[in-house]
Every structure is written in C-alpha cells, then in structure tokens.
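The values are calculated or read from the model by the stated rules, or taken from the named source; none is laboratory data. Keep in mind the model is a prediction, meaning the values are calculated, not measured. Methodologically, a virtual Cβ is constructed for each residue, glycine included, from the backbone with ideal geometry; neighbour enumeration extends over all protein chains shown.
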Amino acid sequence: MAAKLKSQGLEMAGNSGYLSKNGISLDYAFDESAQTLTIENLEVGFPATMIGMNADKILGILEKAIEDCRG
C-alpha cells in the first residue's frame, strides 16, 4: 500500500506518523495484520486548494489507492 500511495505523491515513513506535503497534512496509522489505514486530523491548505483539492478528494484518492492494493 505504501508504494501505491507513494505513486500518488503521499509517502508514508513507517506504519504510523505525520505526513505533510503540498498543503496536505494528516496523521496516519497502518495496521499490517488487519490491513487497515486510519487517517486522522486531515487538513488541506495552500497550495493543494489552488488545484481544487479538498478533504473529500484526498480521502477519495486514499480510498482508491487502498482498493487498488486489495486487487
């Protein structure tokens, strides 16, 4: 899953942490045994908002990446 998200420009370092890039920030926790990704404190600001990104779109990108990983 990490590789798929990295291809979308979201690189997770480890199974949990804080991610901030291009105006998108969030806390994440990946449970390998359950294959679940928990996202908290998602914020979308400049410059992401300049290209029409918002929290719903970011969650949609993450959900698609997760579904693609499941096959």
Item to complete: Residues being at pLDDT 90 or above and either of a type in the set (Lys, Arg) or surrounded by 10 or more Cβ atoms within 10 Å (Cβ to Cβ) (or both): count how many of those fall in region 23-55.
Response: 20
Worksheet item: in contact with an Asp or Glu (Cβ under 7 Å, 6 or more places away or on another chain) and of a type outside the set (Lys, Arg), is that true of residue 54?
Response: no
Worksheet item: Taking the condition assigned to a helix (DSSP H, G or I) and either over 12 Å from the mean Cα position of the chain (by Cα) or not hydroxyl-bearing (Ser, Thr, Tyr) (or both), does residue 56 pass?
Response: yes
Worksheet item: What is the one condition in (1) in contact (Cβ under 8 Å) with a residue 40 or more places away in the chain; (2) assigned to a helix (DSSP H, G or I) that residue 10 does not satisfy?
Response: (2)
